[in-house]
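The values are calculated or read from the model by the stated rules, or taken from the named source; none is laboratory data. Bear in mind that the values here come from a model prediction, so they are computed numbers and not experimental data. For neighbour counting, all protein chains shown are included, and Cβ atoms are generated from backbone atoms with ideal geometry for every residue, glycine included.
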Amino acid sequence: MGFIRQQQEQLAARFLRWQYQKARLPVPPPVELERRAVKLLDDALRIGRERGGNVISILKELARDIKNKESS
């Protein structure tokens, strides 16, 4: 795995952790958080390729959707 991909995954994991804390939801264990971050990043990159756009904005949108699904 390349350096940039690792940095992207770490950023996605930090962002997810922050979203969980902000929503006052329990943060998943590190292994689960990492799995979710990888999926979130893959989805954001796929969407970015399909419709163009900023990957960070897409990450935020996807994380917000995940948070809303879990709090419901």
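Quick one: in the range 1-22, which of the residues that are polar (S, T, N, Q) and under 21 Å from residue 69 (Cβ atoms) is surrounded by the fewest Cβ atoms within 10 Å (Cβ to Cβ)? So the residue we want is 21. Within the range 23-42, being part of a helix (DSSP H, G or I), closer than 17 Å to residue 68 by Cα and without any contact (Cβ under 8 Å) to a residue 24 or more places away in the chain holds for 33, 39.
For the range 51-72, the tally of residues that are surrounded by fewer than 17 Cβ atoms within 10 Å (Cβ to Cβ) and either touching a strand residue (DSSP E or B) at 6+ places or on another chain (Cβ under 8 Å) or within 13 Å of residue 14 (Cα to Cα) (or both) stands at 2.
Assess whether residue 58 counts as being touching a Gly at 6+ places or on another chain (Cβ under 9 Å), assigned to a helix (DSSP H, G or I) and either at positive phi or touching a residue at least 12 places away in the same chain (Cβ under 8 Å) (or both).
Numbers: touching a Gly at 6+ places or on another chain (Cβ under 9 Å): yes; assigned to a helix (DSSP H, G or I): yes; either at positive phi or touching a residue at least 12 places away in the same chain (Cβ under 8 Å) (or both): yes.
Here the answer is yes, as residue 58 does meet what is asked.
Within the range 8-16, can one find any residue that is under 12 Å from the mean Cα position of the chain (by Cα) and at pLDDT below 85? Within the range 8-16, none of the residues are under 12 Å from the mean Cα position of the chain (by Cα) and at pLDDT below 85.
Is it the case that residue 48 is over 13 Å from the mean Cα position of the chain (by Cα), within 18 Å of residue 8 (Cα to Cα) and surrounded by 15 or more Cβ atoms within 10 Å (Cβ to Cβ)?
Criteria met by residue 48.
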